[in-house]
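First the structure, in the form of C-alpha cells, and then the observations on it.
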Amino acid sequence: MNAAGNAAGFPILSLLTWLPLVGVVFIMTVRGSEEVVARNARFAALWTSLIIFLLSLKLWFGFDPAEPGFQFQEHLTWLPDFGVDYRMGVDGISVLFVLLSTALTPICILASWESVQTRVREYMIAFLVLETMMVGMFSAQDFIIFYMFFEGVLIPMFLIIGVWGGTRRVYASFKFFLYTLLGSILMLLAVLAVWYAAGTTDIAVLMTAQFPARMQFWLFLAFLASFAVKVPMWPVHTWLPDAHVEAPTAGSVILAGVLLKMGAYGFLRFSLPMLPQASAQFAPLMFALGVIAVIYTSLVALAQTDMKKLIAYSSVAHMGVVVIGIFTFNAQGIEGALFQMLSHGIVSAALFLCVGVVYDRMHTREIARYGGLAQRMPAYAVVFMLFTMATIGLPGTAGFVGEFLVLVGAFQVNFWLALLGSMGMILGAGYSLYLYRRIIFGSITRDDLRQMLDLSPREIAIFAPLVLLTLWMGIYPSSFTGFFDATVHAMVEQHAAALHAHDFASVTR
Amino acid sequence: MIAAMNWSLALPEIVLACCAMGILIFGVLQKANATFACTMLAVGALVLTGALVLSGASGSGYRGLFVVDPFADFMKLLVLVGAGLSVVLALDYNVHEGISKFEFPVLVLLSTVGMMIMCSTANLMTLYLGLELQSLALYVLCAFNRDDMRSSESGLKFFILGALASGLLLYGISLAYGFAGTMDFGELARALTFPGTASPGLIVGVVFIIAGLSFKLSAVPFHMWTPDVYEGAPTPVTAFMSTAPKVAAIALLLRALEVPFHGIFQQWSGLIVLVSIASMLLGSLAAIGQRNIKRLMAYSSIGHIGYALVGLAPGSQEGIRGVMIYMVTYVFMSAGVFAVLIAMRRRGRALEQISDLSGLSTTDPGLALIMTIFMFSMAGIPPFSGFFGKLYVFRAAVDSGYWTLAVIGVLTSVIGAFYYLRIIKVMYFDAAEPAFDPRTTSLTFVGAVGALVTTFFFVIPAPIVGAAQSAAHLLFG
C-alpha cells in the first residue's frame, strides 16, 4: 500500500468496507439442515456487523474535527495510466454517514431475526453485501470507485425487496431498480466527461478543478438526474412509496436510513464543490422542488391509509427540507441539512421499525386495523411517541436541530422560502399526530388486538440505542455538528470564492 | 513492402490446422467412440496454440498478406478462449442429444483457424479467405444435429444468408481493388492519405465490405438470421457462435476500418454510428417479448455488438481499447450464460423457455447465483465486468464528442436491464419448478470460470486494460 497524505498506516476504511464480505464467505460455507444454516447465518451476520460497528468507532474517536480535508486516506494504484485509483478517505461530511451505515446494519439484522424465516442465508448475505456497498460509497474518494458502489447498492436492494417483499414486490423492485438506474447512468456520462476533462477522478482534485460554466450546466443536469431520483425529489419520488411498502421491515429501515441519504450526499460531495456556478444558477429550481416536496408530499401523507406509505411520504418531505438546506450555500443551511439527514436516518429508521413491530404481530399495515394499543403495549406507545415527536421536530429531539438550522439558513436567502419550508413542520405535526392517535389511542375494538404483547427484550435492544441517539442528538447536538463544522465552513468559503472569481471574470471580460 | 515469407509468423495457425487434421485421423482410426479423447486433444491443441501465440514474434509475413502484432495476438487469445470453453460445453450436451461425434471438435478447430487468420489479415484477399474458412465450418456445426429439423433449418438458413453476405463482401472487395488498384492494407492506407482523393466507387466498395462484415457480426440491419440460427443450432454451437466468431469479426472490422480505410474515416464513421444505434435499440427492445432464452440471448448479442461498435465509431485509440475490453468481458459472460443454458435439462430433455428457470434459486442456488452475476454484468451494473466494457466504450464516445451515441447507448442499456432483471426475477422471485438434472463438472467448470472472471475483473483490471491500450496504440502506430 502506498500511504499518501495524512494516512494513518491502518487501512480502517478498507477494512470497514470489505469485512462484511468475509462474513458473506463464512455464511456461504455453512452446511447442514435448513434450521442450522439459518441460525448460523443470523449469528454470523450479527457478529460481523457488530464487529464492524465497533471498528468503525475508531472513526468517531480518531477523527480530527478541526481538519476540513480528507482523513484516514488510503491509496492503491488501480488504473494508473488513466488517473483512476483506489482512493479512500472521509471528511466531515461523510464520516458520520459511515457510522450511520455501520450502526444501522446490526439493528436491521436484529430486526429481521424472527420476521425473516425463508432463505435466511441469502437474506443475511444480501444485507452484508449492502453494508459493503454503503460504507464503500461514503468512503470512496475517487469518482469511479464511488460510482461503482453507488450503483452496486441496487443489486442487494433489488433482491431484498423482490425476494422478501410483500405482494407487489416484483413491481416495486423493478420500479426501484430501473428508476435509479436510469438516473445514475446519465450521471455516468457526466463522470466520463469529468474524467476526460480533468484527467483524473480523484475527488479531492476534482473539487478544486474549475469547469467551464457551460459544461457545468450540463454536468449539473446529469448529476441532478441521478441524485434527484435517489433523494428522492418531487416529481421523481414515486418509486419510494412502492419500494417502502413492499420491502421487508429491515429493507425499509436501510432504505430510509441510509440509501435516501445517498442523493443528498451526492449534491454535497459533487454538485456543490465541483459545479459552483451551476449550483448557484439552479438553486431557485432546487428550492422550488424542495418546497413542493415539503408541502405536497406532506398533504399526500395525510391521506394515507397504510402506515409505511405514510412514513415514506413523510421521508420525501423531510428530504425536501434537506435539499433546501444544501442550496442555501450558507453554513447554517448546509449544517442543518447534514444534521437533518442524520436525524432522519435514525428517526425514520426507528419509525419503520415501530411499524415492523406491529406488523410482525398482526401482518397488516392498514392504519384502520389498529387502535388503542396504548392499553396493551405501553412501552411501545412510549417509544413510538418519542419518534413521532422527533419526526415532527420537537425541541429536545434530533428532528428539531436540523429543521431549525435549515430554516435559519433559508431565512438568510429568502423570507418566503423559510416560510414555505416551515410549513413542513406544521403539516408534519398534522400527519404524525394523526397517525399516532389512530394507532395508539382510543379503545380496543378488535379481539386480536387484545392479544398483542408488548415489546420483547430483542425489540427493546433494537430501540434502546435509537432512543438514546435521538435524545442525544436533540439535547447535545454539537457533539455531532462538531464533526462537520470545519468541512462545511471550508466548503462555503470555497463556494463563495469560486462564485466571486466567476463574477470578477465576467466583469473584467 | 517487405517481400519476405516469414512463414513462421503463422506457426500458431499452422500448428492448429495440423492438430485438427491429426485429431480427425485419430478419430477415424479409433474403433470405439473417441469423442471424449478428441475433445480433450482439441482443448490441448487450443492451449498449445495459445502458448505459441503468446511466445510468437511480431511482424509481417507472406509477402505482406499476413500480419502479427499485439492487437492480433490479443484477439487470437480471446478467440481461443471462446473456442476452448465452447468445446468443453459441447461434451455432455452432445452425448445427451445423441450427436456425440468426434468431428465436432475438429470442426471447431478448423473454424478457429479461420478466425485466427481473420485477426491477422493484412490484405483483402486474406480477409476473405479467413472469413470463409471460419464460416464453412460454422455452417456445418449449425446443422450438426442433422436429424433435428430446427438444426438443419438453422444450418441451411445460415448458409444461404451467409453466402449472400460473402457475395456482398467479395463485391465490395472487388470494387475497392478496382478503384484503388491494390488489395494490400498498407498500400490502401497510403492511397487514401489525402482526403478527397477517394473515388466514390471505392467508398461504395467500403460500404459493401461493412455490410458483409455486419452480417457476420449480426449487427442491425443484417441481423435477421441471428434469432432463428441461435435457436435452432445445438446450444454449444450457439455458445461458440456468440463468442469466438464475434471476436474475430470485430477484430477484422477494426483492422479493416482503422488501417486501410482510416483515410476515409469521415465517410464510414456515420455508417457505424447508424448500425450501432440500430443494434442497441433492436437488441434491447426486441428481447423484451422473447420467451425462448436462446432467442433472448440472440437479441442480447445483437445489442452487445451495438455497444462494441460504439467504441469503433469515433475511430480513436481509446475507442479501439474500449472495444477490445468489451469483447473480453463479453466472451466470458457469454460462455458462462450458455453453460447455464446447457445445464437446463429436466429428465434428459433440454429446456429453452425462460419460465423453466422458475425458482432456480431454491433448487440450485449455485447455478442461480452464477446466472445472476452474468445477468447483472450484461446489464452493465458494477462491480461486474460488463460495467467496465461499457465504461470504456462510452468513455471513447464521450471523449470524441459522440454525445448522441452515448446518450442513446445508456438509455438502451436501461431498457436492456429490464429483460436481464426479468430472468433474475424468474429465478429468485417466482415459485420453484422441479429441479434440473444434476449438472456435470464440465458445465460447472465453464460457468465458474466465467463467473469468476466477471466478478473479479474489477480487482486488477490494469493488465487487461494495459494490454488493450498498447495493442490499440500499435494498431494506430
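The values are calculated or read from the model by the stated rules, or taken from the named source; none is laboratory data. This structure is a prediction, so every number in the text was calculated from the model and none was measured. Please note: Cβ atoms are built from the backbone with ideal geometry, for glycine as well, and neighbour counts cover all protein chains shown.
Structure data summary
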read-out	value
Residue in region B:196-204 that is polar (S, T, N, Q), part of a loop (DSSP other than H, G, I, E, B) and surrounded by 15 or more Cβ atoms within 10 Å (Cβ to Cβ) present	no
Check on A:Leu419, within 27 Å of the chain's Cα centre (by Cα) and surrounded by fewer than 12 Cβ atoms within 10 Å (Cβ to Cβ)	no
Test: B:Leu274 is closer than 30 Å to B:Phe194 by Cα and surrounded by fewer than 24 Cβ atoms within 10 Å (Cβ to Cβ)	yes
Residues of region A:243-277 classified as part of a helix (DSSP H, G or I) and more than 27 Å from A:Thr470 (Cα to Cα), total	7
Selection from region B:223-239 of residues that are assigned to a loop (DSSP other than H, G, I, E, B) and surrounded by fewer than 24 Cβ atoms within 10 Å (Cβ to Cβ)	B:Met224
The lone exception for A:Ala243 - which of (1) of a type in the set (A, V, I, L, M, F, W, C); (2) crowded, with 23+ Cβ neighbours inside 10 Å; (3) within 14 Å of chain B (Cβ to nearest Cβ) it fails	(3)
Of all residues making up region B:427-440, the number that are more than 8 Å from chain A (Cβ to nearest Cβ) and buried (at least 20 other Cβ atoms within 10 Å of the Cβ)	1
Residue within region B:258-269 that is crowded, with 24+ Cβ neighbours inside 10 Å, out of contact with any Cys (no Cβ under 7 Å at 6 or more places or on another chain) and not small (Gly, Ala, Ser) present	yes
Near pairs, Cβ below 6 angstrom, 6+ apart or cross-chain, from region A:488-509 (in a helix (DSSP H, G or I)) to any residue that is modelled with pLDDT of 80 or more and β-branched (Val, Ile, Thr)	A:Val488/A:Ile334
Residue under evaluation B:Ile423, criteria (1) within 9 Å of chain A (Cβ to nearest Cβ); (2) at pLDDT 90 or above; (3) closer than 19 Å to A:Ile161 by Cα, criterion not met	(1)
Test: residue in region B:388-399 that is part of a helix (DSSP H, G or I) and either surrounded by fewer than 22 Cβ atoms within 10 Å (Cβ to Cβ) or of a type in the set (Asp, Glu) (or both)	yes
Residue tally, condition assigned to a loop (DSSP other than H, G, I, E, B) and of a type in the set (Gly, Ala, Ser), over region A:102-140	2
Region B:370-385, subset part of a helix (DSSP H, G or I) and either facing chain A (nearest Cβ under 9 Å) or at pLDDT below 90 (or both), residue nearest to B:Val449 (Cα to Cα)	B:Thr372
Members of region A:393-404 found to be in contact with a Gly (Cβ under 6 Å, 6 or more places away or on another chain) and either crowded, with 24+ Cβ neighbours inside 10 Å or of a type in the set (S, T, N, Q) (or both), listed by number	A:Gly393, A:Thr397, A:Ala398, A:Gly399, A:Gly402, A:Glu403
Residue within region B:443-451 that is aliphatic (A, V, I, L, M), surrounded by fewer than 19 Cβ atoms within 10 Å (Cβ to Cβ) and closer than 23 Å to B:Thr243 by Cβ present	yes
Within region A:439-464, tally of residues that are surrounded by fewer than 15 Cβ atoms within 10 Å (Cβ to Cβ) and not acidic (Asp, Glu)	14
Meets criteria (surrounded by 21 or more Cβ atoms within 10 Å (Cβ to Cβ) and within 22 Å of A:Tyr313 (Cβ to Cβ)) for A:Met385	no
Single unsatisfied condition, B:Thr454 versus (1) surrounded by fewer than 16 Cβ atoms within 10 Å (Cβ to Cβ); (2) part of a helix (DSSP H, G or I)	(1)
Filter result (assigned to a helix (DSSP H, G or I), more than 15 Å from B:Ala417 (Cα to Cα) and touching a helix residue (DSSP H, G or I) at 6+ places or on another chain (Cβ under 8 Å)) within region B:266-292	B:Gln267, B:Trp268, B:Leu271, B:Ile272, B:Val273, B:Val275, B:Ser276, B:Ile277, B:Ala278, B:Ser279
Residue satisfying all of: in region A:28-82; in a strand (DSSP E or B) and either on the phi < 0 side of the Ramachandran plot or without any contact (Cβ under 8 Å) to a residue 60 or more places away in the chain (or both); farthest from the other protein chains (Cβ to nearest Cβ) among these	A:Gln71
Residues of region B:423-477 classified as of a type in the set (S, T, N, Q) and under 30 Å from B:Arg190 (Cα atoms), total	2
Residue under evaluation B:Ala435, criteria (1) touching a residue at least 24 places away in the same chain (Cβ under 8 Å); (2) in a helix (DSSP H, G or I), criterion not met	(2)
One residue from B:Leu41, B:Leu77 being in a helix (DSSP H, G or I), without any contact (Cβ under 8 Å) to a residue 40 or more places away in the chain and crowded, with 17+ Cβ neighbours inside 10 Å	B:Leu77
Test: residue in region B:342-361 that is facing chain A (nearest Cβ under 10 Å), within 30 Å of A:Met137 (Cβ to Cβ) and free of Cβ contacts under 8 Å to residues at least 60 places away in the same chain	no
Residue in region A:190-204 that is within 12 Å of chain B (Cβ to nearest Cβ), out of contact with any strand residue (DSSP E or B) (no Cβ under 8 Å at 6 or more places or on another chain) and under 20 Å from A:His495 (Cα atoms) present	yes
Condition check for B:Gly181: out of contact with any Phe, Trp or Tyr (no Cβ under 9 Å at 6 or more places or on another chain), surrounded by fewer than 17 Cβ atoms within 10 Å (Cβ to Cβ), of a type outside the set (S, T, N, Q) and on the phi > 0 side of the Ramachandran plot	yes
A:Phe174 vs. criteria surrounded by fewer than 23 Cβ atoms within 10 Å (Cβ to Cβ), at the interface with chain B (Cβ under 10 Å from one of its Cβ atoms) and part of a helix (DSSP H, G or I)	yes
Any hit, region A:147-159, residues being in contact with a His (Cβ under 9 Å, 6 or more places away or on another chain) and not in a helix (DSSP H, G or I)	no
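Residues checked against (1) of a type in the set (A, V, I, L, M); (2) at pLDDT below 90; (3) surrounded by fewer than 24 Cβ atoms within 10 Å (Cβ to Cβ); (4) assigned to a helix (DSSP H, G or I):
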{"position": "B:Ser60", "(1), (2), (3), (4)": "no, yes, yes, no"}
{"position": "B:Gly64", "(1), (2), (3), (4)": "no, yes, yes, no"}
{"position": "B:Val108", "(1), (2), (3), (4)": "yes, no, no, yes"}
{"position": "B:Met116", "(1), (2), (3), (4)": "yes, no, no, yes"}
{"position": "B:Leu127", "(1), (2), (3), (4)": "yes, no, no, yes"}
{"position": "B:Gly130", "(1), (2), (3), (4)": "no, no, yes, yes"}
{"position": "B:Leu133", "(1), (2), (3), (4)": "yes, no, yes, yes"}
